[in-house]
Amino acid sequence: MEPLVSATNLAKHYKDVVALNGVSFGIFDGITGILGENGAGKSTAIKIFLGLLKPTSGSAIVFGENASESISVRAKLGYMPEHDCLPSSVSAAEFLTHMAEVSGLPPSRARTRAADTLRHAGLFEERYRAIGGYSTGMKQRVKLAQALVHDPQMIFLDEPTAGLDPAGREDMLDLVRKTHREFGISILFSSHLMADVERTCDRIIVLQGGELVQAGEVSHFTSETESVFLEVDSNHEQLIAELEQRGIVVQADRGGLNIEGAEASVYDHVRDALVASGAPLRRMAPQRRALAELFAREGDEDMSGGSR
Amino acid sequence: MSESTTGASGPVTGAAGTVFDIGYQSYEGPRHGRARGRMAVFKDGVRIALGLGRGSRAKVLPWGFIALLVGIGFIMALVVGAVMRLGGPDAAASLPTHSDFYGISSIFFFVFAAVVAPELLCPDRRDGVVNLYLVRPLTGSDYIIARWFAFLAVSLGAAWLPQFVLMIGMVMGNPDPAEYLLTHWTDVPKILAAGAAIAAYTTTLAMLVAGFTNRRAYAAVFLVGLFVITTPFTTGLASEIGGTAGQWISMFNVTNIPVHVNDLIFGEVSDITSGAPAGELPGWLLTVWYLAWVIVPGTILWSRYRRLTP
């Protein structure tokens, strides 16, 4: 499958600061999460793809065209910035109509698209109110709607859940999923919150300090981390000893035991260890680790702590 | 592009009728690219400058100034028309007419530009809207040129409208309107040229200052200060020093720069520039000086916005 967007040895330096250091990756149809701490290079990568920044070296190809050279390719793209980008004195309907016209749509079509897009974003009833009077959640929806109003093939969402309360965040993630699954628009979703990316995306790209750390399908990372969770009523220590004798890696976890691996032989060893230790089994279940655990580093609260 | 889907499709029946949710529809219509984008930014700029589609407070300043300028033209027309009717065309010869209008009203033009032009640039940068323009098929140059033309169009309207009110007054006031028109038709291109000169000048300076601050108030205060303070300062200094140096100092009276061009176009010296030592300098020098004050700030403004996109 050809990537819609690709980076090849992409680098961006700001004098002595290296924002991106020769990263290469592809973004395919679907929802792709670009994950990293603040300063990892996520926003820089997005701005290069959108043509807002020129790379120091390497290339950013968007729908087969060089992102920093082609202006017309931007008609296929939408962008929802992280920070405020909305005028306060105009209504959402007027603003979206204007943005659709700026994207090249004729005025009458732009008005229709604006109304349709606001309906899909859940703001149809509020569309004639000045944006300055909107709540944070509503403003985030307007930001998403303006990215969609010209019916792009791909949208770039930079921290779309920033500043939202848990309910607003859930609504926004639902809207993002709906944007791909019902509208058929591919999405690059930037976040420093592992939970958001895990729940929303099909693929992830992990950046750290301008370097590419990981890239691939979310299911690939979670299947790699499959484990078995085990709880017994007593003989806890004996069971651990029996499992370790059989070469099984065991970790105490939430009052139970977490056993690496979910293949059939692990279950055989667990069965034998339970019999040998005489530990009464209360619960045994396969478990899939969260992405957060895969990438979490000691003392790193930032990337995994968003949902807590 | 995506296929149309019918997410929650199906009829929802009720007593009043049937509502169909046809789901998300992809846009299959025409896309006009950069030209449409430029035109949209231009139209939006005109609407912002005139406060259209915004609250009543946004309309007060632009329409207030336009009304003031038209009012000046109207009063001049009434006076000239009345004098022509009562004393004949020769009696009105010494009264201020088209060539004097921009000299009389120039300070109002400058204040109009100072308070309205920043509306076209400052909020877009302060609110971050400019980034949304630049991720569309539009460059920084497209944006600033469209905005510049938008304010120029409004300024041209504000510059020409009072002159045409004045012209109507003079035609109506003349005992032989047709004869007056035949002998004074050359005033029309002169009005258009002089109006364009003052509009281009005030637009460029006001947009340049607005391009360097996110705060409309800072831009407006700076511009009003520039226009209002340089006049007495340069006038006083020029008359104190005198000679060639005084003439050069007088050229820095920013209020007079487009009025000197107005004088050259009409071939008459306005009241406002009659005492200015710079008026004694050659016409070509005054024209070059005027062009420098339009082209240099315009280039600085353009290069500032051009750099926003690679």
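Listed by first and then second residue, the pairs linking a residue in the stretch B:150-178 that is without any contact (Cβ under 8 Å) to a residue 12 or more places away in the chain to a residue that is surrounded by 17 or more Cβ atoms within 10 Å (Cβ to Cβ), with Cβ atoms under 6 Å apart and 6 or more places separating them unless they lie on different chains, are B:Val171/B:Tyr180; B:Pro177/B:Val171. Please verify whether the stretch B:226-245 includes one or more residues that are among the small types (Gly, Ala, Ser), outside any helix (DSSP H, G or I), over 25 Å from B:Thr299 (Cβ atoms) and free of Cβ contacts under 8 Å to residues at least 40 places away in the same chain. Yes, the stretch B:226-245 contains at least one residue that is among the small types (Gly, Ala, Ser), outside any helix (DSSP H, G or I), over 25 Å from B:Thr299 (Cβ atoms) and free of Cβ contacts under 8 Å to residues at least 40 places away in the same chain.
Yes/no per residue for (1) modelled with pLDDT under 90; (2) part of a loop (DSSP other than H, G, I, E, B); (3) on the phi < 0 side of the Ramachandran plot; (4) among the hydrophobic types (A, V, I, L, M, F, W, C):
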| site | (1), (2), (3), (4) |
| --- | --- |
| A:Phe183 | yes, yes, yes, yes |
| A:Leu188 | no, no, yes, yes |
| A:Ile204 | no, no, yes, yes |
| A:Gln214 | yes, no, yes, no |
| A:Phe221 | yes, no, yes, yes |
| A:Phe229 | yes, no, yes, yes |
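Taking the conditions exactly as written (at pLDDT below 95, of a type in the set (Val, Ile, Thr) and touching an Asp or Glu at 6+ places or on another chain (Cβ under 8 Å)), does B:Ile168 satisfy them or not? Criteria not met by B:Ile168.
Per the listing A:Glu211, A:Glu217, A:Glu125, the residue uniquely free of Cβ contacts under 8 Å to residues at least 12 places away in the same chain and surrounded by fewer than 17 Cβ atoms within 10 Å (Cβ to Cβ) is A:Glu125. For the list (1) crowded, with 24+ Cβ neighbours inside 10 Å; (2) over 21 Å from A:His150 (Cβ atoms); (3) within 13 Å of chain B (Cβ to nearest Cβ), I need the number of the one condition that A:His98 fails. The one condition A:His98 does not meet is (2). Considering the stretch A:137-175, the residues that are charged (D, E, K, R) and over 23 Å from A:Arg113 (Cβ atoms) include one that is nearest to the other protein chains (Cβ to nearest Cβ), namely A:Glu159. B:Gly275 meets all of the listed conditions (1) under 21 Å from the mean Cα position of the chain (by Cα); (2) closer than 18 Å to B:Thr244 by Cβ; (3) not in a helix (DSSP H, G or I) but one, namely (1). No other residue among A:Leu35, A:Leu77, A:Leu105, A:Leu86 is more than 24 Å from A:Cys201 (Cβ to Cβ), surrounded by 24 or more Cβ atoms within 10 Å (Cβ to Cβ) and touching a residue at least 12 places away in the same chain (Cβ under 8 Å) apart from A:Leu105. Looking only at residues in the stretch A:146-181 that are aliphatic (A, V, I, L, M) and part of a helix (DSSP H, G or I), the one that is farthest from A:Ala110 (Cα to Cα) is A:Ala167.
Checked against the criterion of being in a helix (DSSP H, G or I), charged (D, E, K, R), within 30 Å of B:Arg306 (Cα to Cα) and free of Cβ contacts under 8 Å to residues at least 12 places away in the same chain, the candidates B:Asp124, B:Asp142 yield just one match: B:Asp124.
Conditions first: (1) within 23 Å of the chain's Cα centre (by Cα); (2) at the interface with chain B (Cβ under 7 Å from one of its Cβ atoms); (3) in contact (Cβ under 8 Å) with a residue 12 or more places away in the chain. A:Leu52 passes all but one, so which condition is the exception? Of everything listed in (1) within 23 Å of the chain's Cα centre (by Cα); (2) at the interface with chain B (Cβ under 7 Å from one of its Cβ atoms); (3) in contact (Cβ under 8 Å) with a residue 12 or more places away in the chain, A:Leu52 misses just condition (3).
Kindly check whether there is at least one residue in the stretch B:80-88 that is part of a helix (DSSP H, G or I) and within 29 Å of A:Ala110 (Cα to Cα). No, that holds for no residue.
The values are calculated or read from the model by the stated rules, or taken from the named source; none is laboratory data. Not measured: the values here are computed from a predicted model. Neighbour counts run over all protein chains shown; Cβ positions are idealised from the backbone, glycine included.
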